[in-house]
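This report concerns only the one structure given below.
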Amino acid sequence: LTGVLDDCLCDIESIDDFNTFKIFPKIQKLQERDYFRYYKVNLKRPCPFWADDGHCSIKDCHVEPCPESKIPVGIKAGSSNKYSKAANNSKELEDCEQANKLGAVNSTLSNQSKEAFIDWARYDDSQDHFCELDDERSPDAQYVDLLLNPERYTGYKGPSAWRVWNSIYEENCFKPRSVYRPLNPLAPSRGGSCLSVCLFSWTGLCLEKRVFYKLISGLHASINLHLCANYLLEETWGKPRWGPNVKEFTRRFDPIETKGEGPRRLKNLYFLYLIELRALSKVAPYFERSVVDLYTGNGHEDAESKALLLDIFRDTKSFHMHFDEKSMFAGDKKGAKSLKEEFRLHFKNISRIMDCVGCDKCRLWGKLQTQGLGTALKILFSEKEIQSLPENSPSKGFQLTRQEIVALVNAFGRLSTSIRELQNFKVLLQQTR
């Protein structure tokens with residue numbers, strides 16, 4: 001892959017260098033921090049679109065929830081830990097038994113703080129979200145240690161997996177007109193060889209809808225790359241060996257094997273990387289405020305985590321070929337508003353489809369990465385609100401829940417890893433020739 005990407009003025013080589021030498025090492029370290037490694041998720045929500053066909057019984061599909069005792073007290077305290085340590089400096093939060101009351105608001109908080117929490121909750125429940133958020137207060141919602149449940153190939157495949165992606169592409173993804181895209185290779189095609197010819201004929205498809213399609217395709221490519229890079233190569237004496245599978249990578253991305261579509265999928269991965277990179281650079285002012293703290297209860301680690309996050313933001317701002325989101329929804333106000341709402345609802349529907357994934361580990365990472373992308377879109381469409389944030393008090397115009405923050409960072413970390421793994425596969429492919 002070389003050259004300039006479509007719909008933006010950025011070349012692949014620049015992204016490779018920027019990611020390898022600046023972003024990847026730092027984002028890896030950030031993901032290991034307590035604030036970002038624990039993600040609260042409900043893996044028991046029923047599929048809202050079709051009858052449940054049963055969960056994957058393969059052992060590698062299993063997700064091990066984190067014991068309550070392992071969660072840092074500042075995280076499991078619930079909604080009162082959203083942003084700043086100032087809202088958490090109370091004796092009750094030092095008591096683990098009290099902290100176990102997930103979502104409980106500390107009764108010793110000042111009236112001003114209580115009002116702020118009400119404002120945050122009201123905003124969190126607003127129509128500004130691009131994702132269907134899990135209810136963190138649900139008894140089925142559990143903390144998961146992402147480091148102990150890495151995304152990798154689990155063996156989950158077949159009709160259940162095909163149905164999820166087919167539903168995403170065929171029913172919820174803007175795509176070129178008159179195009180049928182069967183992801184299941186056994187599915188009958190319409191129009192013979194049209195697929196490889198007309199799939200990328202963008203006639204009549206506006207920029208916003210092209211962007212939407214590329215984001216979903218890029219997310220799909222990234223997930224497939226993770227599976228190829230962290231594949232179960234062998235299991236002897238109960239000791240599994242995971243690593244890159246060149247044959248699987250070739251099957252999913254080789255131009256001949258995919259009728260020319262593989263390289264386009266990878267280009268969409270780079271496009272998605274640019275979108276989320278742009279969102280990080282845009283949201284930096286939100287986190288640069290002193291009122292925002294990545295609170296876990298460990299003051300030293302919290303300070304280090306925020307310093308590392310701000311360092312990453314400085315790098316994102318230094319990138320000189322960002323995607324220009326101002327070109328989107330730039331028509332007449334009524335039409336732009338209608339298109340933006342259509343865009344949001346399509347993506348929200350896709351986030352709901354993730355509850356139909358039968359493999360728990362796949363569902364976990366699918367929900368997290370979808371929510372991360374949804375948070376990135378929320379940021380890009382909230383530029384004015386972010387720019388007008390007050391320095392020393394909570395904002396009523398723009399807020400991020402801890403769940404959104406964790407998803408945003410980890411989703412971008414997954415994209416950074418995908419691009420790094422792609423470099424590894426290039427080397428491996430050269431060695432096999």
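The values are calculated or read from the model by the stated rules, or taken from the named source; none is laboratory data. These numbers come from a predicted model, not from an experiment. Positions of Cβ are generated from backbone atoms using ideal geometry, with glycine treated the same way; all protein chains shown enter the neighbour counts. Accessible surface areas use protein heavy atoms only, side chains included; no ligands, DNA or RNA. Shrake-Rupley method; radii C 1.70, N 1.55, O 1.52, S 1.80 Å.
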Can you tell me which of (1) closer than 25 Å to PHE323 by Cα; (2) crowded, with 24+ Cβ neighbours inside 10 Å; (3) at pLDDT 90 or above is the one ILE350 doesn't meet? (3)
If we ask which residues in the stretch 131-172 are part of a loop (DSSP other than H, G, I, E, B), hydrophobic (A, V, I, L, M, F, W, C) and at pLDDT 70 or above, their number turns out to be 3
Listing of helices (runs of 4 or more DSSP H) fully contained in the stretch 7-103 that carry 1 or more residues being at pLDDT below 70: 91-94, 96-99
Just to be sure before I move on: is LYS317 out of contact with any Asp or Glu (no Cβ under 8 Å at 6 or more places or on another chain) and without any contact (Cβ under 8 Å) to a residue 12 or more places away in the chain in the structure I sent? no
Could you please give the count of residues in the stretch 235-292 that are of a type outside the set (Ser, Thr, Tyr) and in contact (Cβ under 8 Å) with a residue 60 or more places away in the chain? 29
Pairs where the first residue, in the stretch 23-35, is over 18 Å from TYR143 (Cβ atoms) and the second is surrounded by 15 or more Cβ atoms within 10 Å (Cβ to Cβ) and among the acidic types (Asp, Glu), C-beta under 8 Å, 6+ apart: ILE23/ASP315; LYS26/ASP315
Criterion first (surrounded by fewer than 16 Cβ atoms within 10 Å (Cβ to Cβ), out of contact with any Gly (no Cβ under 8 Å at 6 or more places or on another chain) and either at pLDDT below 90 or aliphatic (A, V, I, L, M) (or both)) does GLY335 satisfy it? yes
Flagged in the stretch 299-328 as modelled with pLDDT of 90 or more, open to solvent by 20 Å² or more (accessible area, probe 1.4 Å) and either part of a loop (DSSP other than H, G, I, E, B) or basic (Lys, Arg) (or both), in numbering order, are LYS306, ARG314, LYS317
Positions within the stretch 418-433 being open to solvent by less than 10 Å² (accessible area, probe 1.4 Å) and in contact with a helix residue (DSSP H, G or I) (Cβ under 6 Å, 6 or more places away or on another chain), in sequence order: SER418, ILE419, PHE425
Return yes when LEU269 is at negative phi, touching a helix residue (DSSP H, G or I) at 6+ places or on another chain (Cβ under 9 Å) and of a type outside the set (Gly, Ala, Ser) and no when it is not. yes
Taking ARG344 as meeting all but one of (1) surrounded by 19 or more Cβ atoms within 10 Å (Cβ to Cβ); (2) in contact with a helix residue (DSSP H, G or I) (Cβ under 6 Å, 6 or more places away or on another chain), write down the number of the exception. (2)
When the residues of the stretch 3-21 are filtered to those that are charged (D, E, K, R) and at negative phi, which remaining residue is surrounded by the fewest Cβ atoms within 10 Å (Cβ to Cβ)? ASP17
Just to be sure, is ALA279 modelled with pLDDT of 95 or more and not hydroxyl-bearing (Ser, Thr, Tyr)? no
Is it the case that some residue within the stretch 403-417 is surrounded by fewer than 23 Cβ atoms within 10 Å (Cβ to Cβ) and assigned to a loop (DSSP other than H, G, I, E, B)? no
